[in-house]
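First up is the structure itself, then whatever we jot down about it.
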Amino acid sequence: MRIDVKKTYKLYIGGAFPRSESGRSYEVKSAKGVFIANPSQASRKDLRDAVVAARSAQAGWSSATAFNRAQILYRVAEIMEGRTSQFVDEIVALEGVTPAAAKKQVEAAIDLWVWYAGWCDKISTIFGATNPVSGSFYNFTTPEAMGVVGVFAPQKSSLLGVVQSLAPVLAAGNTAILIASEKFPLPAISLGEVLATSDVPGGVVNILTGITAELAPWMASHMDVDAIDASGLSAAQEKEARLEGVENLKRIFAFKGDQTPQRVLAFMENKTVWHPIGI
Amino acid sequence: MTFEYAPAPESTAVVKLKPEYGLFINGKFVPAKDGKTFATINPANEQHLAKVAYASESDVNKAVAAANEAYKKIWSKMPAAERGKYLYRIARILQERAREFAVLESMDNGKPIRETRDVDIPLAAAHFFYHAGWADKLEHAGMGSNPKPHGVVGQIIPWNFPLLMLSWKIAPALATGNTVVLKPAETTPLTALLFAEVCQQAGLPAGVVNIVTGDGKTGSLIVNHKDIQKIAFTGSTAVGKGIARAIAGTKKAATLELGGKGANIVFEDAPIDETVEGIINGIFFNQGHVCCAGSRLLVQENIQEELLEKLKRRMALIRLGDPLDKNTDLGAINSAAQLAKIRELVGSGDAEGAERWSPACDLPAKGFWYPPTFFTGVTQANRIAREEIFGPVLSVISFRTPQEAIEKANNTPFGLSAGIWTDKGSRILWTAKHLKAGVIWANTFNKFDPASPFGGYKESGWGREGGRHGLAAYLKGVH
């Protein structure tokens, strides 16, 4: 009889897979209460390292051509497809759903990458504008990446929720620090392994596992985080994050599984440029 | 040779000031319940203009109740095309009464009549005209097939462009189907109250627009009112952050237009005379009381000397004085408090070792005045390079390479505006792309239009005002 080779679930920061600098891990159990894994319990320092990595990757990712970003996000879908059975196993173990339901979730997640990949090079066309101002000026508005976004993935959907939150943030040209679902963190880490092999530059996505309530205040008060997707926070945690986030006027939004370009636009800033017209 | 100009004051006969103004609630002017009033003065001569009612809690409650009632019973049921017609009417009446508004705005605010006449009032009318046409076309605005208003919107506006900021707030709110409780700034309430008369002349249903005058306490009553679904605020970053804290954990939406420290970047190949005009417009327009002012001049090192010589020559020609004089370029500082703030920050510039320059400039004996001023030898750490002065004071900083210009321009917690001066098209677009600012003027500055979205990155606020994008602020669930 062969003994399984089990995976050590680590963090994903700056394109590498370190353990928490704190040396901490926490126990994750199946829906039936059986031990599955000891993922890292990320600390404030890990979060700060992840923000540094996301900020360093920001200029490159946001100035990559929209077509290039679209191809990379599509590549994520391609690589995920080949790992379907791994994600199915993780979802079944964690969420306690049937393999068929888990497979549906994985397929929905893959298709969502494809959908948002297609938005990369269309969002400016549809939601930008040429504005007919009075006077002899050319005036145009384009949506641009906001910068570094902290993403609290939904707590109940271990894979689809992660993609629902992450894909629009990346399509907009932002870099991200994703905090995985506290109880269902494993598919997020496996997604990190997909991202690492999908031409997504290191630092564009950073994934932390751990205790949401511990990490939320540090994310919310970090002055180099521009915005937060608060979908995975409780109402009380979201309020606290809004209070902490006031210091640099973070843009904070929460969503309910919506599939809409509004999720991309939420993490974009509109820039308007004027220039005189003349000879 | 110097030219002497004969005074050319605009007549104030067109303005009929009342001794006392009430609050505008449910279509009528009413005194504050407790009878409290405060005075508004002309900052150019410190003369008393009028007494204005001070709204306390029960007054704000009455205004919100009126707005709620009007929303439920009238405004939300009215066909959108009819709603739009009221906005067209308002735009037309503002045009008809433009001179009266321009003179009153100059008197209450201290800004030159040339600006109120040519910028503030025409743009305010244009904002209503522009948004009037949106009212029955919202399903085409890219915000869903059936976009919904919030209901009652609370709006708080600053003193730097009193009527124009009112129009930026009220026009899109009404066009999208909301009703309004608006508080004008404490030092500049009069054109908002004159606007209330315009609402009456337009036959706008009672309660759709309510105007409550008062101070910061009145504002916080609006922010914290349980029946207000959305807050729109223009003003300081400090107050904006206070509002963001107050509404955290509530269902209230908010847009915030806050401070700025705009970088006006001059490259070595810039057309120098036009650039000098642009710098003047960037920092001395409206006494520098402009959140998007070009208050940091970033100049490429090899042309700094030539540019500053020309700037000095031009600044010496700025005419400071009576705001009602048609030849005046620089009017009065809006209040004693603002003058004290400018002096304090300029004092910090002196203390931190920057070099200050102003042309010879006689200041009137009465009123609040500050001469056009620039600082050289400014470092990025100096307060005058980081904090918003909101006065006619420019900080000059040099750079050598375009990359350094971008780094310095973005080295601020704000992100509202920026300017670019160069002859090279590709450099304009490269620079614009790398600047973290919501509004970028290339080879021009301080241009505004109802069709053009306005608003900032980072600590300059949340959301946009104007254009298609500005509609999102007044519709539920869109960004």
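Just so it is clear, none of the values below were taken in a lab; they were calculated from the coordinates. From a predicted model like this one, the values you see are computed outputs, not experimental measurements. FYI the Cβ positions are ideal-geometry reconstructions off the backbone, even for glycines, and counts take in every protein chain you see.
Things to note:
- Average silhouette area of segment A:98-241, convex hull of alpha-carbon atoms, in square nanometres: 11.0 nm²
- Normalised contact order of chain B, rounded percent, pairs of Cα under 8 Å and 6 or more residues apart: 17 percent
- Inter-chain Cβ neighbour count for B:423-433, averaged per residue, equals 2 (cutoff 10 Å, partner chain atoms only).
- Once the Cα gyration tensor of segment B:263-442 is diagonalised, semi-axes √(5λ) in Å: 26, 17, 15
- Angle of helix A:212-221 to the longest C-alpha principal axis of chain A, folded into 0 to 90 degrees and rounded to 10: 20°.
- FRET efficiency for B:GLU344 and B:GLU407, using Cβ-Cβ distance with R0 set to 35 Å, rounded to 0.05: 0.75
- 5 Å binning of all Cα-Cα separations within segment B:1-150, expressed as whole percents from 0 upward: 2, 8, 11, 13, 15, 16, 14, 9, 5, 3, 2, 1, 0, 0
- Ellipticity estimate at 222 nm from DSSP helix runs (n ≥ 4, -39,500 (n - 2.57)) divided over chain B, nearest 500: -10500 deg cm²/dmol
- Chain B: angle of helix B:272-284 to the longest principal axis, Cα-based, in degrees nearest 10: 50 degrees
- For chain B, the longest principal axis of the C-alpha atoms and the axis of helix B:190-201 are separated by about 40°.
- When segment B:209-355 is reduced to its Cα atoms, the Kirkwood hydrodynamic radius in Å: 18.5 Å
- Farthest toward positive dipole pole in segment A:38-276 [+1 Lys/Arg, -1 Asp/Glu at C-beta], among A:ALA42, A:LEU94, A:TRP61: A:TRP61
- For segment B:184-283, convex hull volume per residue from C-alpha positions, Å³: 169 Å³
- Rg to Rh quotient for segment A:162-279, alpha carbon positions, Kirkwood Rh: 1.04
- Among A:TRP218, A:TRP61, A:TRP113, the largest mean-square fluctuation in a Gaussian network model of chain A, built with springs joining Cα atoms closer than 10 Å, belongs to A:TRP218.
- Within the same chain, aspartates and glutamates fewer than 8 places from B:LYS16 are excluded, and of the rest, those with a Cα less than 14 Å from its Cα are B:GLU100, B:GLU105, B:ASP108, B:GLU197.
- Percent of alpha-carbon pairs separated by more than 34 Å within chain A: 18 percent
- A cut-off of 5 Å between modelled amide H atoms, ignoring neighbours fewer than 5 places along the same chain, links B:ASN443 with B:ILE420, B:TRP421, B:THR422.
- The relative contact order of chain A, computed from alpha carbon pairs under 8 Å that lie at least 6 residues apart in sequence, is 25 percent.
- Positive minus negative residues near B:LYS251 (Lys, Arg vs Asp, Glu; Cβ under 11 Å): +4
- Note on chain A: GNM, Cα springs under 10 Å; of A:ILE211, A:ILE177, A:ILE91, the largest mean-square fluctuation is that of A:ILE211.
- Calculated on C-alpha atoms, the gyration radius of chain B divided by its Kirkwood radius gives an Rg/Rh of 0.97.
- With the convex hull constructed from alpha-carbon coordinates only, segment B:23-99 shows a mean projected area of 7.1 nm² over all directions.
- Going from the fewest other Cβ atoms within 10 Å to the most, the residues B:LYS18, B:LYS241, A:LYS256 appear in the order A:LYS256, B:LYS18, B:LYS241.
- Ranked B:LEU49, B:LEU204, criterion: other C-beta atoms within 10 Å, fewest first: B:LEU49, B:LEU204
- Computed over segment B:379-479, Cα set: Rg, Dmax in Å: 15.0, 46
- Residues with amide H under 5 Å from that of A:VAL151, placed H, sequence gap 5 or more: A:ILE177, A:LEU178, A:ILE179, A:ASP229
- Theoretical ellipticity at 222 nm over chain A - DSSP helices of four or more residues, -39500 (n - 2.57) apiece, nearest 500: -14000 deg cm²/dmol
- For chain A, modelled as a GNM whose springs connect Cα atoms under 10 angstrom apart, the maximal fluctuation among A:ASP49, A:ASP258, A:ASP111 occurs at A:ASP258.
- Rg(Cα)/(2.2 N^0.38 Å) for the protein assembly as shown, N = residue count: 1.01
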